[in-house]
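Report on one structure; see the data block that follows.
The values are calculated or read from the model by the stated rules, or taken from the named source; none is laboratory data. What you are looking at is a predicted structure, and each value in this text was computed from that prediction instead of being measured. Because the Cβ atoms are built from the backbone with ideal geometry, glycine has one as well, and the counts that use them run over all protein chains shown. The protein model used for the area step is the full one, side chains on, heavy atoms only, and it has no ligands, DNA or RNA in it. Shrake-Rupley method; radii C 1.70, N 1.55, O 1.52, S 1.80 Å.
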Amino acid sequence: MPDHIYSRLARLFCALTLLTQNLPAASANEPAPVKSKGALTFYLDTASFRAGSGKTLQEFYYQIALDQLSFQAAGGVMRSDVKTSVLLADSTGRELLRDEWTQAVQAGSAAEIAGRFFPNQFELPLTPGRYQLSLAVQETATQKQGSAQLAFRVRAFDGNTLALSDVQLANTITADTAQGRFTKNGFSVLANASRVYGRTVPLLYFYFEVYNFAATADSYEVHYRVVNARQEVLRHLPTKIARKPGQSSVEVGGLNVGNVADSTCYLQIEVKDRSNQAVASAASSFWVAVPPGKVASEVEQKIAAMSPEQLKTHVEQIQYLLREDDKKLLQDLEADAQKSYITQLWKQFDTNPATPHNEFWEEYFRRIAHANENYTSGFTSGWKTDRGRIAIKFGIPNEVERHPAETNARPYEVWYYYSEGRKQFIFADIEGLGRYELVFSSDERELTRPDWKLIINAQ
């Protein structure tokens with residue numbers, strides 16, 4: 001049980017729609033998420049992963065819609081204290097563990113509360129078998145409380161045969177090597193404890209682990225499909241072929257389920273070891289909800305109408321908004337999932353959600369147009385050049401010094417920015433072809449060549 005408190009509000013891409021229906025199970029062994037009873041509503045879910053010494057790492061996920069809490073202003077932020085109580089028992093009802101902790105849930109403003117939720121999780125190393133978990137969540141100030149009981153089976157991962165962990169469904173998965181409650185194996189995984197998706201939460205992310213590959217160096221296949229309750233195939237994802245990193249592997253991905261017509265669905269996964277033809281499979285149920293009357297924004301409509309070539313260009317152009325690991329994750333998504341990902345990205349960057357326009361989108365593409373008009377060189381579009389990149393990321397410079405070619409110096413430019421601290425960028429025409437390359441930057445996010453003075457002085 002964690003003994004420290006996470007009090008920051010996780011920034012999520014989309015809102016959670018809470019349903020009152022019972023959610024379906026993918027198999028007799030997989031527990032469906034359970035909905036709490038009482039004045040405070042939340043969902044509770046669980047998943048099994050392999051641990052050492054004959055144990056299984058059982059993770060538990062729950063999430064609380066923030067608009068249920070009574071936030072009070074404190075120290076320049078809005079805050080609500082929430083107490084979680086946990087009771088674990090075996091299948092006979094014998095108590096095995098009891099614990100509780102209090103967390104401070106914070107938000108910067110009322111705008112950060114509406115439509116968002118506070119995700120939480122904890123983990124326990126357990127011996128395989130059947131258990132019961134009782135979880136209660138209470139807001140300290142109002143005494144508002146909800147409770148849920150979850151009966152579940154802890155899986156065993158002994159033996160040497162190919163096996164998959166449970167499939168954890170998530171709202172977001174991002175590359176993250178930091179240590180934290182939501183991080184594992186190089187990813188930050190924010191679970192969707194309700195497993196509810198739809199137009200408000202269209203992008204379903206998934207995480208699972210593969211164990212016991214054959215020792216021979218080879219590759220493996222991963223097959224994905226989405227089926228309904230009648231086992232009719234709704235979606236087939238392309239087969240993935242990957243090299244084995246060792247005797248185990250981690251798989252993450254995402255797909256767009258916002259336009260799936262059936263409400264009860266299952267993500268089915270099959271992994272095949274190509275060296276010995278061993279096969280293992282897993283499945284996870286989820287629920288699709290389509291709220292009536294939602295009107296797509298201008299940005300949503302533009303992204304939805306993109307052709308494959310337009311989408312490819314758009315994904316390339318937004319690279320300046322992403323970290324390297326996130327770029328790779330986006331590239332691995334199917335086309336519909338890419339559209340959902342970037343739609344949520346633009347929502348996140350919208351500086352004024354109250355207006356019908358996305359001002360950040362408009363400014364970003366104004367800068368791309370400026371870069372194409374002023375910095376295109378040969379067959380290279382302006383937005384792909386060094387000067388174009390800096391103009392897109394930081395805007396048009398406040399001052400530019402232009403130095404034409406001299407006897408002992410190459411042509412170069414010095415750009416100055418005076419807002420948010422003085423910044424300086426120096427570009428040199430190294431090859432004399434009008435293609436200016438960044439050689440010096442006072443911003444640590446951009447590289448500086450150690451020999452930049454020698455480059456300018458043509459030495």
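Got a sec? Charge dipole of region 133-260, +1 on Cβ for Lys and Arg, -1 for Asp and Glu; which of Thr161, Thr177, Leu150 is way out at the positive end?
Of Thr161, Thr177, Leu150, it is Leu150.
When you count, for each residue, the other Cβ atoms within 10 Å and take the mean per peptide, how do 229-238, 206-215 rank with the highest first?
Details: 229-238: 11.4, 206-215: 20.0.
Sorting 229-238, 206-215 by mean packing, highest first, produces 206-215, 229-238.
Which pairs, out of Lys35/Lys327; Lys347/Lys423; Lys55/Lys144, put more than 32 Å between their alpha-carbon atoms? Write out the running numbers ahead of the final one.
Values: Lys35/Lys327 35 Å; Lys347/Lys423 28 Å; Lys55/Lys144 36 Å.
Violating the 32 Å limit, Cα to Cα: Lys35/Lys327; Lys55/Lys144.
Stretch Ser109-Ala405 to full length: gain in nm at 0.36 nm per residue minus the Cα-Cα span? Present the calculation step by step, with values, prior to reporting the outcome.
Values: separation 296, 0.36 × 296 = 106.56 nm, distance 5.33 nm.
The span from Ser109 to Ala405 would gain 101.2 nm if fully extended.
Calculate, in nm to one decimal, what Ala74 and Ala458 gain on full extension: separation in residues at 0.36 nm each, minus their alpha carbon distance. Don't skip to the answer; put the middle values down first.
On the way: separation 384, 0.36 × 384 = 138.24 nm, distance 5.89 nm.
Result: 132.4 nm gained on full extension.
Please list, in order along region 45-60, the HN-Hα scalar couplings obtained from phi with the Karplus expression 6.51 cos²θ - 1.76 cosθ + 1.60 (θ = phi - 60°), rounded to whole Hz, x for Gly and Pro.
9, 8, 7, 9, 9, 5, 10, x, 6, x, 9, 10, 8, 9, 9, 10
What is the calculated FRET efficiency for Arg422 to His314, with r their C-beta to C-beta distance and R₀ = 25 Å, to the nearest 0.05? Present the calculation step by step, with values, prior to reporting the outcome.
Numbers: r = 33 Å, r/R0 = 1.32.
So, using R0 = 25 Å, E works out to roughly 0.15.
Computed FRET efficiency, Cβ-Cβ of Asp262 and Ala51, R0 41 Å: what is it to the nearest 0.05?
On the way: r = 35 Å, r/R0 = 0.86.
Calculated transfer efficiency: 0.70.
Describe numerically, in nm with one decimal, the distance between label points set 7 Å from Cα along Cα→Cβ at Glu100 and at His357.
5.3 nm
With θ set to phi - 60° and the Karplus curve 6.51 cos²θ - 1.76 cosθ + 1.60, what are the ³J(HN,Hα) couplings of region 233-245 in order, to the nearest whole Hz, using x for Gly and Pro?
For region 233-245, the Karplus curve yields 6, 9, 9, 10, 8, x, 5, 9, 10, 9, 6, 6, x Hz.
Report ³J(HN,Hα) in whole Hz for each residue of region 200-216, in order, from the Karplus equation J = 6.51 cos²θ - 1.76 cosθ + 1.60 where θ = phi - 60°; Gly and Pro get x.
Karplus values, whole Hz, x for Gly and Pro: 7, 10, x, 9, 8, 9, 9, 9, 7, 10, 10, 10, 6, 5, 5, 5, 5.
Starting from the Cα of Lys328, draw a straight line to each of the lysines and keep only those under 19 Å, dropping any in the same chain fewer than 8 residues away.
Reachable lysines: Lys184, Lys240, Lys244, Lys312, Lys339, Lys384.
What is the distance, in nm, between label points placed 7 Å from the Cα along the Cα-to-Cβ direction at Asn276 and at Val414?
Taking the simple label geometry, Asn276 and Val414 are separated by 6.6 nm.
Please work out the FRET efficiency for the pair Glu446 and Thr92, using the Cβ-Cβ distance as r and a Förster radius of 45 Å; give the result to the nearest 0.05. Could you put the intermediate results ahead of the total?
Details: r = 62 Å, r/R0 = 1.39.
FRET efficiency, Glu446 to Thr92: 0.10.
Return the label of the correct value of volume of the Cα convex hull per residue in Å³, as calculated from the structure shown, out of [x] 191; [y] 160; [z] 252.
[x]
Sort 161-167, 220-226 by the packing proxy (mean of other Cβ within 10 Å over each peptide's residues), most packed first.
Details: 161-167: 20.4, 220-226: 18.0.
Highest-to-lowest ranking by the protection proxy: 161-167, 220-226.
Ignoring ligands, DNA and RNA, what percent of the accessible area of the chain is carbon or sulfur (1.4 Å)? Don't jump to the answer; show the numbers that get you there.
On the way: 10690 of 22160 Å².
The nonpolar share, carbon plus sulfur, comes to 48 percent.
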